[in-house]
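Shown below is the structure under consideration.
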Amino acid sequence: MINEVKTDVKELKRKYDESQLEITSLRRDFTELEQGVADMDLQIQAIESEELQKQTCELQTQMNEIKGQIRAGAIAIWQDLPFLETTCGIGMRI
């Protein structure tokens with residue numbers, strides 16, 4: 001009976017040690033996955049930021065082209081307007 005208990009205790013200890021190793025491995029995997037997700041979030045933010053910067057530059061270029069056309073008289077309909085109300089409610093001096 002004592003030998004059976006000792007054998008059971010050894011088996012339980014072995015299973016406990018295996019469980020602890022598995023838990024450690026799972027924690028490490030979770031940490032790696034968590035870091036991977038954080039890295040992907042940063043990459044997405046960088047891509048979004050680059051796209052916004054690109055769009056801002058394109059819009060600024062278009063605005064400069066329109067201003068140049070207005071100054072050159074290419075857009076005759078606006079020549080007599082001292083102030084233009086945009087659809088956003090923001091006024092723009094010409």
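The values are calculated or read from the model by the stated rules, or taken from the named source; none is laboratory data. Note that the structure is predicted; figures quoted are calculated from it, not measured. Methodologically, a virtual Cβ is constructed for each residue, glycine included, from the backbone with ideal geometry; neighbour enumeration extends over all protein chains shown.
Tell me, which residue of the stretch 57-80 that is loosely packed, with under 11 Cβ neighbours inside 10 Å and more than 38 Å from the chain's Cα centre (by Cα) is modelled with the highest pLDDT?
Step by step, filter the stretch 57-80, then rank; the result is Ala72.
Shifting gears a bit: Being over 21 Å from the mean Cα position of the chain (by Cα) and among the polar types (S, T, N, Q) is the filter here; which residues of the stretch 20-52 pass it?
Result: Gln20, Thr24, Ser25.
Right, here's the next one. Is it true that some residue in the stretch 32-39 is of a type in the set (Val, Ile, Thr) and part of a loop (DSSP other than H, G, I, E, B)?
no
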